[in-house]
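Reading through the structure tokens given below for one structure.
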2 protein chains.
Amino acid sequence: MTVETHSTSEEQRHVSEGSAAWLEELMQWLRIPSVSADPAHHPDVAASAQFLADVLRRTGFPTVQMWEETSALPAVYAHWPSDDKDAVHVVVYGHHDVQPADGEERWTYPPFEPRVIDGVLHGRGASDDKGNIFMHVLGLKAHLAATGRTSPAVHLTMFVEGEEESGSPHISELLTAHAAELNADLVVVSDTGMFNAQTPSVCVGMRGLVAGELHVHGPDIDLHSGSFGGAVPNPITELARILSRIHDEDRHITIPGFYDGVVEPTEQEAAATAALPFDEHAWVTGPAASRAAAGEGGWSTLDRIGARPTAEINGIWGGYTGPGSRTIVPTDAFAKLTFRLVGKQNPEQIRTAVTEFFAAVAPAGVEVTMNWEAGGVRPLYVDTTHPATVAGARALSRAFDNQPVLFTREGGSGPEAELSEAMGAPLIFLGVMTDSDQIHAPNENTEVALLFRGCEAVAHLWTEIAAVGRAGIAR
Amino acid sequence: MTVETHSTSEEQRHVSEGSAAWLEELMQWLRIPSVSADPAHHPDVAASAQFLADVLRRTGFPTVQMWEETSALPAVYAHWPSDDKDAVHVVVYGHHDVQPADGEERWTYPPFEPRVIDGVLHGRGASDDKGNIFMHVLGLKAHLAATGRTSPAVHLTMFVEGEEESGSPHISELLTAHAAELNADLVVVSDTGMFNAQTPSVCVGMRGLVAGELHVHGPDIDLHSGSFGGAVPNPITELARILSRIHDEDRHITIPGFYDGVVEPTEQEAAATAALPFDEHAWVTGPAASRAAAGEGGWSTLDRIGARPTAEINGIWGGYTGPGSRTIVPTDAFAKLTFRLVGKQNPEQIRTAVTEFFAAVAPAGVEVTMNWEAGGVRPLYVDTTHPATVAGARALSRAFDNQPVLFTREGGSGPEAELSEAMGAPLIFLGVMTDSDQIHAPNENTEVALLFRGCEAVAHLWTEIAAVGRAGIAR
């Protein structure tokens, strides 16, 4: 006789019943190489959209559309209104395109021939994002079956784009063109992960991003460093001196106004971060492949990645870079810079502050120009006390044997803040990717059991969100 | 009736008499494209050596040899002992190879079809160095004719190499192999210039040089700057910070021990530099093609070029340098560095000091390596009070209507210090190149009248040096 330590929920039971057929269908989807970055695979991206649309229709969504007016790569839209007229309108966001599978020789199994081995699903897209977005299919079925409903407890919209791995170049146009359909009370993003497979957690922040190129122009011609060196400004020297002034000795960013809008973690968030089972030594020597952790004084490694903004030099070049030496004072020097933003930092204000800083520290005798890339990504800041955040965490906790759910902040950047702003709605994350999934790398994989947990969390989520209600979400 | 303001010397008269034939012969020599850097022209370098050897034989040198045991590109050696057994032994150094004539479409006249137009000789090598070394042919004839001697007033050795424009890769071997023939009391280098055509001057210093590559290694793989940025050392940031520490705010070099051996100009030298008709604005906007003069505080532009050592960054690279942005923390960053040395600075000691400095300022978490190029060039320091220096200046003054001769220091580097050291003899410069000669560029040219002045200076030089005598030179 065995002792059940946890009660089995109805949702869990229905997920379990549907799991085999669902996994089979997911694997069919993974066979479609929907690589948006490669024009040769654009027909596959269209086929992938069609596959998902068919599945959603069969699942019961009364409205399913292909949105392809802004791009050749279609987004899938599906809507299933709740019978409860005043239900919360939720838009689920994710994507059906995948990263390229470059270097197929480095894959243990062919990237587009998915298979399950020892409980692990292998294949491109298994985690990012087909696996995670497909959780909504089985999750919704289990939600309906467990609650005995014939429609979801929320007005449910699926918005699954096909260009995310190419930088979502048309998402602004989609959001504008379909503002009516996407007029949500809440956005749920299923394109992020958990701290690890044993630690249920939800993302409560993603960093924003602005990118540009700093150019220092010195002499108009390469000069002989014997005849001129020491007597005219060297643009490389000046570039290095300018770049060295971005951070102080303690690696705080010195740019006036840069930290405006940074939201420091609350005590609760700091406690949640401290509770994460983070092994810094393993991180440094493993995924970071570095000799040491280093960064802004007064903050932990996890804070530096998730809670703090950065100024990063991604590339630098100028002068002679071939073999041996060439005795020149070169004409130009360049650096590529990106700034990661957090909290309520504003990309436009950051660009202005950085441009003014470089102008202020530019030495006489050289021309200093900062050329920004258009656009930029706003940071996403999730209020951990918001009822929707709490509801999402509760749904995940129920799927993970009522374990406490921790909060994490991701260092990367995505279009989520823009989604939230365009829809005028708060946003929460529900995803079960983990660091070991090797997304964007060879041998992408995910634990099948984790996907089933995600399906179960989805099934609970609509009930939890419905309990909060529109007034609670809008509070 | 005209008034002669300057008496015409016998030397000048004999230069004038021989000038037409001499110019014709020089132009024949300039037709030989003796480009040492281009293997296709190596037969021409050999032909150029043969041409010079024939001329020197006809001039009367009893010993003329081709030295080609160390390289396929021959040096020309010629020796004419003085009848005065105890005469000073002088070695004249120069080169018969020339710079490439790349970009022939940018030449007004074909580079190897020399011609005289409005008193200006056009053609590759007209100045550097065929024109300047050929002055010794007519100068010597005039010396003999004016003094009525049948041998020079000094034991005269010509040592004209064929690889100078390729960095003199075999000169050390030549100096060692022929130490007996080159056992001189004095070296005269005719491969430099004057302040300008109206300002007779001699070079009394050339800067030394050491070159190397600074390498900063960070993570072992390019990291995603979203997931890792701010929490691991960025090698470009660290490189910029290290490079920014080479100079202080006043652009003094901060490397401990770096200034050891620097010889500051004497009051006489400072006065000579101040007397040079230097137009800084014209220099900045003209040859320097810059927006401002800038350099070490407390020193003038001419001092910064000639009298002061430098640390120059000639190239820099690392990370992503293509179009757009790539959000990485890169693995590596590199910089090419050269240090110009003056006075008695020692290349080996400088290398040690710089290496130790970089090791001392290297931050934790990155690997910092300085890789030096072998060799290096010692600075050449000429004592302006040395009797040989004074004699050389007097010879030049006599050729320039007894104008005062100023002293200049060149910022560039050459093998002169090595010559002087290998022969254990002091060294002086006698050359009439000017900044407008466009050596190493298209449209190389020189004023014919200036070459004749140079011939006359040579004719005076042997008399002046003989007057100083071996004891005076060795003082």
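Each value in this text was obtained by applying a stated rule to the coordinates, not by laboratory testing. Note that the structure is predicted; figures quoted are calculated from it, not measured. Here the Cβ positions follow ideal geometry from the backbone for every residue, glycine too, while neighbour counts run over all protein chains shown.
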Relative contact order as a percentage, chain A, C-alpha pairs under 8 Å and 6+ apart, gives 25 percent
Residue exposure sequence - B:His215, B:His252, A:His136, A:His155 - by fewest surrounding Cβ within 10 Å: B:His252, B:His215, A:His155, A:His136
Provide A:Asp128, B:Asp83, A:Asp191 in ascending order of the number of other Cβ atoms located within 10 Å of each residue's Cβ, fewest first. B:Asp83, A:Asp191, A:Asp128
Distance between the C-alpha centers of the range B:412-460 and the range A:106-154? Whole Å please. 80 Å
Footprinting exposure proxy for A:Leu243, B:Leu419 (fewest neighbouring C-beta atoms within 10 Å first): B:Leu419, A:Leu243
Defining the label point at 7 Å along Cα→Cβ, can you sort the distances from B:Pro62 to the same site in each other copy, shortest first, in nm? 12.0
With the 8 Å Cα cutoff and a minimum separation of six or more residues, the range B:162-305 has a relative contact order in percent of 12 percent
Does the range B:125-169 come out rounded, prolate or oblate by the C-alpha gyration tensor, with a ≥ b ≥ c the root eigenvalues, rounded set by a/c under 1.5 and, if not, prolate when a/b is larger than b/c and oblate if not? oblate
Taking B:Glu113 in one copy and the same position in all the others, each labelled 7 Å out along Cα→Cβ, what are the pairwise distances from the first, in nm, shortest first? 6.9
How much net charge surrounds A:Ala399 when only other residues with a Cβ under 14 Å from its Cβ are counted (Lys, Arg +1; Asp, Glu -1)? -2
Using DSSP H assignments, which helices in chain A have an axial alpha-carbon span of 24 Å or above and a mean Kyte-Doolittle hydropathy of 0.5 or higher? A:130-147, A:448-474
Taking the alpha-carbon centre of each part, the distance from the range B:258-289 to the range B:362-381 in Å is 27 Å
Under a point-charge model restricted to the Cβ atoms of Lys and Arg (+1) and Asp and Glu (-1), what is the dipole moment magnitude of the range A:95-219 relative to its Cα centre, in debye to the nearest 20? 600 debye
Gain on full stretching of the segment that runs from B:Asp279 to B:Ala40 - 0.36 nm per residue minus C-alpha separation: 81.8 nm
Between B:Ala20 and B:His440, what FRET efficiency follows from the Cβ-Cβ distance if R0 is 41 Å, with the result rounded to 0.05? 0.90
Expressed as a whole number, the average count of other chain Cβ atoms within 10 Å around the Cβ atoms of A:306-313 is 6
Once A:Glu181 and A:Thr352 are pulled to full extension, the length gained, defined as 0.36 nm per residue separation minus their Cα-Cα distance, is 58.0 nm
Prolate/oblate/rounded call for chain A, Cα gyration tensor, a/c under 1.5 rounded: prolate
Placing +1 on each Lys and Arg Cβ and -1 on each Asp and Glu Cβ in the range A:42-136, then taking the dipole about the Cα centre, the residue among A:Tyr93, A:Ser127, A:Val116 whose Cα reaches farthest towards the positive end is A:Val116
With Cβ to Cβ distances under 12 Å as the rule, what net charge do the other residues near A:Leu302 carry (K, R +1; D, E -1)? -2
What is the spin-label model distance, in nm, from A:Glu367 to A:Arg475 if the labels are put 7 Å beyond Cα along the C-beta direction? 5.5 nm
Measure off 7 Å from each Cα along the Cα-to-Cβ vector at B:Lys344 and B:Gln50, then give the distance between these two points in nanometres to one decimal. 4.8 nm
Assuming a viscosity of 0.692 mPa s and a temperature of 37 °C, what translational diffusion coefficient in µm² per second does Stokes-Einstein assign to the range B:43-140, Rh being the Kirkwood radius over Cα pairs? 215 µm²/s
Given the options B:Ala231, B:Thr8, B:Thr327, identify the residue whose Cα lies farthest towards the positive end of the charge dipole of chain B (+1 on Cβ of Lys, Arg; -1 on Cβ of Asp, Glu). B:Thr8
List, shortest first and in nm to one decimal, how far the label point of B:Gln198 (7 Å from Cα along Cα→Cβ) is from its counterparts in the other copies. 8.7
Charge dipole of the range B:343-475 about the Cα centre (unit charges at C-beta), most positive-ward option of B:Leu406, B:Val468, B:Val368: B:Val468
State, to one decimal in nm, how far the label point of B:Thr63 lies from the label point of A:Ser151, with both points 7 Å from Cα in the Cβ direction. 11.3 nm
